[in-house]
Structure formats: structure tokens, C-alpha cells
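Coordinate-derived values only; no laboratory data. This structure is a prediction, so every number in the text was calculated from the model and none was measured. Note that we place each Cβ from the backbone using ideal geometry, even for glycine, and neighbour counts take in every protein chain shown.
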Amino acid sequence: MRYQGKIIKWQDDKGFGFVRATSDSKDVFLHISDIHPLNKRPEVNEQISYELIKDGRGRFRATHVAYLNKSANVNKIEQPTKLSSAFLAFILIFFLLVIERTLKGVLPVTFTLMLFGANLLLFLYYYQDKTSAIKKAWRTPESTLHWLSLIGSWPSAYVAQKLFNHKHKKQSFVVTYKHTVLINCSAVMLYALPYLQNILIFHLTKYHI
């Protein structure tokens, strides 16, 4: 017998969640390996149809799961999310500042080369993680993505999130990502612009902090 319901909870990094039938208030375990065909990542409130079985632990589990609106799901994954022109301008200004400060000898050349290299690396990590998510293979830990973003790879992380439709809808991930942008930009600005260091030191001394 097939049931219809919606996903009420989903942990994308772990590949499982829970579904609730339209005619029932009980939550049923759902694993990503039971979704066929897997043409997109599951999301909360996704409408699905499924069959029920009992697993080895005696709990009900959804199996032979299918999305109810297949065409809409396929179109959704094929289209990259629109990039923010304002944020792209901010990224451009950031890189221009780094290059200008490097040419003036304020920032080491090694730092700038490592910055661009780290951005390329993180972009590839996002591509690999998105591919692994589709193939249900080993996933890149979110902590790895955040650490690389923190050391300066946040520009490529933003572009990859939008181009690959990956991670940008997970609120907890986005909040942490925004913090990495703030921390990295603040650190680079303080290092690249000595007068900001002087202002900070002045205020710290003034208020005895």
C-alpha cells in the first residue's frame, strides 16, 4: 500500500529525516537511499509518496519513495540560483583591495597566492560534495567547508553555493558561513589597512580594554 505525506524534518548532511502521512500524525523514518529516482535533494515540506516497512530496529521506515511533483523537482535542480550583483561587487572590491595591498608590499605575495589557491580548492570541494550528495557517496564535512571559508575562500564558496544549488538553503549552514565572511574580512582589513589598526589601538587604549 502506498501512502502520501510530506517531509517534516530533514538533515541533509546525514542523509535522513522524517515524513508524516497526510492521514496520520506519526512520524516515519526516511533515508535518502530509499528515494528513487534521486533527481534532487529532499527538502522540508516536500510532498512524497511511499510504502511502509519495519526495519531491523522495529521502527517504521519509508521505502520506494517518489516525489509527487517530479517535473517541478527536475527543473528546480537544473537551474542555478541567481547570484546577488551586490555581493559579487563586494567580492570584486575585496579582491581588488588584496591585489592593491599586495602590489604596495603591505600584504605578502605568498598570502595572496594562497588566498586564490584556497578559493579554487573550496570551489572544487563544493563541486565534489554536490556530486557526492547526488550519488549518495561520502560527503565533505561541513566543518571543512567552513574552515576553508574562514581562511579566505568565502568568495568561491558563495559562487559554488549558488551555481550548484548547494547548502544555501540550510539556515544553520548559511548563518555559520556569514560569520566566516565577517571574521575573515575584518581580519584582512585590519592587516591590509594599517590606519585601521591605529584606530583600533587608540580606542582600546582610551577605554583601557
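Quick look at the numbers
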item: Between 0 and 90°, nearest 10: helix 194-206 axis offset from the chain longest Cα axis; result: 90
item: Whole-angstrom gap from region 1-54 to region 97-127, using each part's C-alpha centre; result: 42
item: Residue of His166, His179, His146 that the Gaussian network model of the chain assigns the largest fluctuation, springs spanning Cα pairs under 10 Å; result: His179
item: Net charge over other residues, Cβ less than 14 angstrom from the Cβ of Lys135 (K, R count +1; D, E count -1); result: +4
item: In degrees, nearest ten, helix 171-192 long axis to first principal axis of the chain (Cα); result: 10
item: For the chain, built as a Gaussian network whose Cα springs stay under 10 Å, the top-fluctuating residue of Leu103, Leu30, Leu38; result: Leu103
item: Cα extents of region 2-75 along the three principal axes, largest first (Å); result: 37, 27, 18
item: Tilt relative to the chain, helix 109-135 - C-alpha long axis, 0 to 90 degrees, to 10; result: 0
item: Net charge of Cβ neighbours under 13 Å - reference Pro194; Lys, Arg +1; Asp, Glu -1; result: +2
item: Sorted by Cβ neighbour density within 10 Å, fewest at the top, the residues Val106, Val181; result: Val106, Val181
item: 4 °C / 1.567 mPa s Stokes-Einstein diffusion coefficient of the chain, Kirkwood radius on C-alpha pairs, µm²/s; result: 65
item: Helix-only [θ]222 nm of the chain, DSSP H runs n ≥ 4, -39500 (n - 2.57) each, per residue, nearest 500; result: -17000 deg cm²/dmol
item: Residue with peak Gaussian network fluctuation, the chain [Cα springs, cutoff 10 Å], from Phe123, Phe111, Phe29; result: Phe111
item: Neighbour-count order for Thr180, Thr140, fewest beta carbons within 10 angstrom listed first; result: Thr140, Thr180
